[in-house]
1. Do we have any residue at all in region 65-85 that's surrounded by 14 or more Cβ atoms within 10 Å (Cβ to Cβ), more than 16 Å from the ligand (Cβ to nearest atom), free of Cβ contacts under 8 Å to residues at least 12 places away in the same chain and over 30 Å from residue 364 (Cβ atoms)?
2. Kindly indicate whether any position in region 50-60 is under 24 Å from the mean Cα position of the chain (by Cα), over 30 Å from residue 276 (Cβ atoms), within 16 Å of the ligand (Cβ to nearest atom) and modelled with pLDDT of 95 or more.
3. Give me the strands (runs of 3 or more DSSP E) completely within region 143-251, filtered to those with at least 2 residues that are within 15 Å of the ligand (Cβ to nearest atom), ordered by residue number.
4. Could you list, ordered by first residue, the pairs with Cβ atoms under 9 Å in which the first is in region 347-368 and farther than 19 Å from residue 11 by Cα and assigned to a helix (DSSP H, G or I) and the second is within 16 Å of the ligand (Cβ to nearest atom) and modelled with pLDDT under 95, at least 6 apart or interchain?
5. Considering (1) surrounded by fewer than 23 Cβ atoms within 10 Å (Cβ to Cβ); (2) within 16 Å of the ligand (Cβ to nearest atom); (3) touching a residue at least 60 places away in the same chain (Cβ under 8 Å), say which one residue 282 fails and leave the rest.
6. For region 315-329, name all the residues that are within 19 Å of residue 394 (Cβ to Cβ), crowded, with 16+ Cβ neighbours inside 10 Å and either without any contact (Cβ under 8 Å) to a residue 40 or more places away in the chain or within 16 Å of the ligand (Cβ to nearest atom) (or both).
7. Quick one: how many residues across region 69-86 are within 15 Å of residue 289 (Cα to Cα) and in a loop (DSSP other than H, G, I, E, B)?
8. Hey, can you tell me all the residues within region 9-49 that are within 16 Å of the ligand (Cβ to nearest atom), more than 22 Å from the chain's Cα centre (by Cα) and free of Cβ contacts under 8 Å to residues at least 60 places away in the same chain?
Ligand code: LMR
């Protein structure tokens, strides 16, 4: 039966982790996947999460199924974090949320929802984007295309190119926007650019889907939602796929959410009925633990304060590593100007390393980065920095 099936290629990000684990090199470094490491190189369980888990262990009295769309407390606290509990749209009932297995699960539910209710429409992705985006929407039966985003010359956004492309996207198509900490470039729109994008998206009748996986990692929890808020000012319909993998460190609990903003409470309710149908046919209902932790932490003033501080500490450590990375490259004699890395936001640095240099880094130095040249700054520490920068200095000299 399976003789004619050819092996599939490894995943460009998670496949690297598999290869990294099998690598016996004593100094190996994994800067592939976007996972936070502390100064000691560990991916910690946040203290706020641990405290919530202890409480849960004591108070949990059932493992009964959750509702198809997740716990109501989780759904409302998610809306609060993304949009604000007092926002008129939330108060008017125009916002509905369904818990999903991670940000990826939320994107897939969004894709299935779009395909099954609105039909086959193209999803426009930034160039470049997270390598899993085409796979997720493709699996939902939606074709994908790209709009210009990154400008190699300036290491910034090619805003003119992006806007011009948005003006030509067919009415009714879907535009995927990264809420903050653009993955893989770390380069975000400025507030006034978000405003312009939102006006064009609304004016042309496009459907915005916001991939919001890094809230809290750019400037702050509230500040990072500014792009989403610009969209809400202009667009009457918005989909948001959000994730608690990064800002709660709940990677393996798979906890995320799909939030839909609709023009009326009635339309929001109808949309949710279809989201529930999609979920039921896919994984029936979501897992409970991670979502219970998130609701508990966000609803308890003390735990919430602790969590907000922990998010700030993760953000500050990553930004500290950005500066140390630029300085250490300079100390290692690298002449190329990498100062732009200190201005990028979120977990990633879009280094400009070529595929050959990426390959040489892995083969010669056991340093794993994504083929696009994306480096997870969140995996850098003061201990691995010298070895890392020496490796980069070597491949810059010797590989094309
Ligand atoms: C990443 O981009 O590294 C993360 O979003 C993890 C993943 O699932 O790819």
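1. Checked region 65-85: at least one residue is surrounded by 14 or more Cβ atoms within 10 Å (Cβ to Cβ), more than 16 Å from the ligand (Cβ to nearest atom), free of Cβ contacts under 8 Å to residues at least 12 places away in the same chain and over 30 Å from residue 364 (Cβ atoms).
2. no
3. Because the criterion is at least 2 residues that are within 15 Å of the ligand (Cβ to nearest atom), the strands (runs of 3 or more DSSP E) in region 143-251 that meet it are 174-178, 207-212, 238-243.
4. What qualifies is 357/351; 357/373.
5. It fails just one condition, (2).
6. Selection gives 326 alone.
7. Total satisfying the criteria: 3.
8. Across region 9-49, the qualifying residues are 9, 21.
The values are calculated or read from the model by the stated rules, or taken from the named source; none is laboratory data. Keep in mind it's a predicted model, so treat the numbers as computed, not measured. Methodologically, a virtual Cβ is constructed for each residue, glycine included, from the backbone with ideal geometry; neighbour enumeration extends over all protein chains shown.
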